[in-house]
Amino acid sequence: MATTARHIISLLMENESGALSRVAGLFSARGYNIESLTVAPTEDPTLSRMTIVTSGSDEVIEQIIKQLNKLIDVVKVLDLNDGKFIERELMLVKVKATGTFREEMKRMCDIFRGRIIDVADGSFTIELTGSGTKLDAFIESLDKSAILETVRTGASGIGRGDRILKV
Amino acid sequence: MKFAMEPGMANSSKQLSGAEILIRCLHEENVEFVFGYPGGAVLHIYDAIFHQDTFKHILVRHEQAALHAADAYSRSTGKVGVALVTSGPGATNAVTGIATAYMDSIPMVIISGQVPTYAIGEDAFQECDTVGITRPCVKHNFLVKDVKDIAATMKKAFYVAASGRPGPVLVDIPKDITAHFCDFDYPETVHLRSYNPVTKGHLGQIKKALKLLTEAKRPMVYSGGGVVLGDASEHLMKLIQSLGLPITSTLMGLGGFPASDPKFLGMLGMHGTYEANMAMQDCDVLLAVGARFDDRVIGNTAHFLSNPRTIIHIDIDPSSISKRVKIDVPIVGDVKSVLADMNELIATEKPKQNTVELASWFKQIDAWRSKKCMNFAQSSELIKPQYVIQKLHEVTKGEAFVTSDVGQHQMWAAQYYKFEQPRRWINSGGLGTMGVGLPYAMGVQLAHPNAQVACVTGEGSIQMNIQELSTCAQYQLPIKVIMLNNRYLGMVRQWQEFFYENRYSESYMDSLPDFVKLAEAYGHVGMQITKPGDVEGALKEAFAMKSRFVFLDFITDQKENVFPMIQNGKGLSEMILAEDL
């Protein structure tokens with residue numbers, strides 16, 4: 001049986017209303033996995049760039065790429081896993097910062113090279129950027145009872161060096 | 001271009017209303033028929049239609065029928081079908097028709113009215129999110145938010161619908177936009193940076209394919225709806241003739257290659273012929289042309305793959321390749337262009353073939369053919385549905401346009417009406433929509449006013465769009481309805497017989513109308529035929545009435561089933577034949 005692997009797919013699409021739902025609808029209609037999806041306009045305001053984290057066998061990923069290309073609004077599709085790439089995700093974590101937690105949180109934040117961006121009497125808000133696994137590791141290393149709230153953006157990815165996705 | 005606009009219609013300047021612009025766009029696209037149904041959100045458009053005489057508007061009795069009729073107009077002509085519906089229920093009624101066209105890749109442009117832009121999102125009367133609802137079953141759709149965008153959007157819609165792998169495109173237009181004014185300027189060309197369908201096949205791949213085909217011991221060609229839609233029949237014929245290959249066709253591909261040709265093995269798949277399915281399973285090199293290895297075609301995928309073969313696949317849609325079955329030699333391109341290139345290669349390179357092996361392969365095929373799987377037990381008492389189709393073929397000399405609904409009658413029509421030409425067999429293959437038959441016949445008859453058009457249907461399917469008998473009367477369409485009436489939802493009954501120990505749950509229909517009187521009530525001719533001996537006479541009589549719509553109610557053998565049959569989950573070579581029972 002074919003093994004499934006995590007893939008990061010980047011795509012450029014016309015920045016038009018409904019474009020996002022065409023992609024989201026495609027994934028649900030065809031039963032493809034979707035781990036995260038991020039989208040925002042690019043330096044060219046007529047184009048949006050989307051990063052989709054999905055998983056599947058090579059055959060499924062091939063179909064996903066083809067089906068995405070088939071969408072009329074999609075200009076270009078790239079499977080970042082076809083080459084070297086960098087992946088980053090932003091996470092904001094609000095943690096308890098009372099008593100011993102206060103020093104502990106500061107220390108953990110430093111270890112993971114995060115930043116405390118809001119300080120309140122009983123809590124810190126930590127900003128952390130990195131690969132999804134790094135963010136997972138940070139969450140894992142915290143005392144569960146200390147986590148008040150988390151929010152993650154989902155991954156953004158970009159090819160290394162000369163790998164450029166542009167119209 | 002003919003264009004008649006009443007004075008006082010436009011405002012004082014040269015500007016046109018959105019509704020008028022829309023009509024002008026349809027003129028520019030040489031639209032002959034618009035199938036539709038008016039309503040609040042499209043009243044401006046209908047007023048503009050009132051003031052023009054370039055295209056004819058066909059008023060249906062239900063929006064679903066408008067979609068099917070426009071779809072069949074397209075299937076039978078190759079042109080883009082056009083439908084016009086109002087907002088809300090008009091659009092939702094159209095959805096089945098849109099999905100039907102989408103599954104079979106039929107080029108259509110659907111214009112739907114929408115509530116005014118200022119009311120969108122406020123749950124206005126007859127509001128629905130038409131673009132959202134139709135998104136999964138259109139090739140593309142648009143919501144026009146500015147009168148200035150109508151012309152360019154319509155140009156794009158026709159271009160997208162007809163190019164690449166064709167499909168339906170919906171344009172949703174809010175009512176206020178159709179009342180606003182602006183200059184009309186229809187773009188001559190259209191360019192979409194995000195949409196560039198490939199048409200020319202890769203020459204290296206074509207060469208590779210040809211080498212495989214000529215060196216094959218047991219080559220086989222499997223042709224689909226793409227050959228019909230891509231107008232590639234002549235090129236396919238040339239290829240088959242020059243290489244002498246056996247060929248089968250999917251349900252959607254029937255007529256793409258003449259059924260009477262000795263190289264043709266008949267339709268394949270769930271109800272395909274013994275020889276076609278056996279050859280498909282046993283071949284060593286398979287050329288798929290504009291077909292998509294559908295579950296109803298190859299049966300159990302694992303079983304199909306258990307016999308190793310090299311597969312070449314020509315398709316205009318890259319996503320069709322390796323979707324269900326891994327393809328060894330993919331050729332993305334327009335089937336017509338690829339086949340033309342292949343034929344040219346054959347002409348210049350005159351490749352040597354494995355003639356000895358090919359001859360013994362045909363010997364094997366002939367052995368399968370000798371099973372005569374299409375034979376059925378004739379009866380002197382009961383009308384056999386297969387017999388009606390055979391006689392229909394005889395009486396119409398095999399030249400009729402045949403539309404069908406969905407179920408047993410559809411399979412019998414596909415099996416026993418031997419199609420010689422493309423675009424003559426009009427049915428819903430992908431979505432399997434009951435109720436398409438009559439509106440399909442309307443679209444075909446309007447496109448071909450002097451042609452014989454037969455709608456093969458059942459008493460279940462016909463009632464799903466029976467109201468269109470009225471439309472047929474209004475436009476005096478001389479369609480002949482061939483209803484195979486077995487008082488059962490036959491295909492459901494057949495499955496219940498095979499897989500549910502004859503528990504005929506809800507597959508018998510009580511209280512059927514008197515179809516003869518019903519036809520007469522609409523001003524048509526109705527006939528009921530109960531004896532096998534009367535079948536031919538009734539058909540001749542009906543087709544002799546060249547200007548009349550005739551409804552023939554054939555009371556057929558209730559127990560007849562469709563054979564051969566591949567049960568769900570079984571492989572191509574595991575057919576049940578009529579003789580096995």
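The values are calculated or read from the model by the stated rules, or taken from the named source; none is laboratory data. Only a predicted model underlies this, so the values are computations on that prediction, with no experimental measurement involved. As a convention, Cβ positions derive from the backbone with ideal geometry for all residues, glycine included, and neighbour counts pool all protein chains shown.
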Every residue in region B:325-342 that is assigned to a loop (DSSP other than H, G, I, E, B), closer than 27 Å to B:Ala414 by Cβ and touching a residue at least 60 places away in the same chain (Cβ under 8 Å), please. B:Asp334
Within 14 Å of another protein chain (Cβ to nearest Cβ) and of a type in the set (A, V, I, L, M): which single residue out of A:Leu11, A:Leu92 fits that description? A:Leu11
For B:Ile466, indicate whether it is buried (at least 21 other Cβ atoms within 10 Å of the Cβ) and modelled with pLDDT of 95 or more. no
Quick count over region B:178-214, residues being free of Cβ contacts under 8 Å to residues at least 60 places away in the same chain and of a type in the set (A, V, I, L, M, F, W, C), is 2
Matching residues in region A:39-71 - criterion: being more than 9 Å from chain B (Cβ to nearest Cβ) and either under 19 Å from B:His191 (Cβ atoms) or surrounded by fewer than 17 Cβ atoms within 10 Å (Cβ to Cβ) (or both): A:Ala40, A:Pro41, A:Thr42, A:Glu43, A:Asp44, A:Pro45, A:Thr46, A:Leu47, A:Ser55, A:Ser57, A:Asp58
Got a sec? Which strands (runs of 3 or more DSSP E) wholly within region B:241-324 have at least 1 residues that are within 14 Å of chain A (Cβ to nearest Cβ) and modelled with pLDDT of 95 or more? B:310-315
For A:Val74, are the conditions met, namely being more than 10 Å from chain B (Cβ to nearest Cβ), surrounded by 21 or more Cβ atoms within 10 Å (Cβ to Cβ) and either free of Cβ contacts under 8 Å to residues at least 12 places away in the same chain or not basic (Lys, Arg) (or both)? no
When you scan region B:505-516, do you find a residue that is in contact (Cβ under 8 Å) with a residue 24 or more places away in the chain and either crowded, with 16+ Cβ neighbours inside 10 Å or polar (S, T, N, Q) (or both), even just one? yes
Hits in region B:325-348 (condition: of a type in the set (A, V, I, L, M), farther than 13 Å from B:His202 by Cα and within 14 Å of chain A (Cβ to nearest Cβ)): B:Val325, B:Ile327
Out of region B:142-180, which residues are under 27 Å from B:Ala291 (Cβ atoms) and touching a Leu at 6+ places or on another chain (Cβ under 9 Å)? B:Tyr159, B:Val160, B:Arg165, B:Pro166, B:Pro168
Lone unmet requirement of (1) away from every other protein chain (no Cβ under 14 Å); (2) under 19 Å from B:Ile314 (Cβ atoms); (3) in a loop (DSSP other than H, G, I, E, B) for B:Leu236: (3)
Could you list, in sequence order, the residues of region B:421-451 that are over 15 Å from B:Ser461 (Cα atoms), outside any helix (DSSP H, G or I) and of a type in the set (S, T, N, Q)? B:Gln421, B:Asn450
Scan region B:421-440 and give yes if some residue there is farther than 24 Å from B:Met491 by Cβ, among the polar types (S, T, N, Q) and either without any contact (Cβ under 8 Å) to a residue 12 or more places away in the chain or buried (at least 22 other Cβ atoms within 10 Å of the Cβ) (or both), otherwise no. no
Any chance B:Lys418 is under 24 Å from B:Lys546 (Cα atoms) and part of a helix (DSSP H, G or I): no
Of the residues that make up region A:151-158, is at least one within 14 Å of chain B (Cβ to nearest Cβ), surrounded by 11 or more Cβ atoms within 10 Å (Cβ to Cβ) and under 18 Å from A:Ala5 (Cβ atoms)? no
Residues within region B:138-174 that are more than 9 Å from every other protein chain (Cβ to nearest Cβ), in contact (Cβ under 8 Å) with a residue 40 or more places away in the chain and of a type in the set (Lys, Arg), tallied: 1
Assuming B:His191 fulfils every condition listed in (1) at pLDDT 95 or above; (2) more than 28 Å from the chain's Cα centre (by Cα) apart from one, which condition is it? (1)
Region B:109-158, residues that are aliphatic (A, V, I, L, M) and not in a helix (DSSP H, G or I): B:Val109, B:Ile110, B:Ile111, B:Val115, B:Ile120, B:Ala124, B:Val138, B:Leu143, B:Val144
Any pair with Cβ under 6 angstrom, 6 or more apart, that starts in region A:148-159 at a residue that is among the acidic types (Asp, Glu) and ends at one that is in a strand (DSSP E or B): A:Glu149/A:Lys94
Among the residues of region B:159-179 satisfying the criterion of being in a loop (DSSP other than H, G, I, E, B) and of a type in the set (Gly, Ala, Ser), which is surrounded by the most Cβ atoms within 10 Å (Cβ to Cβ)? B:Gly167
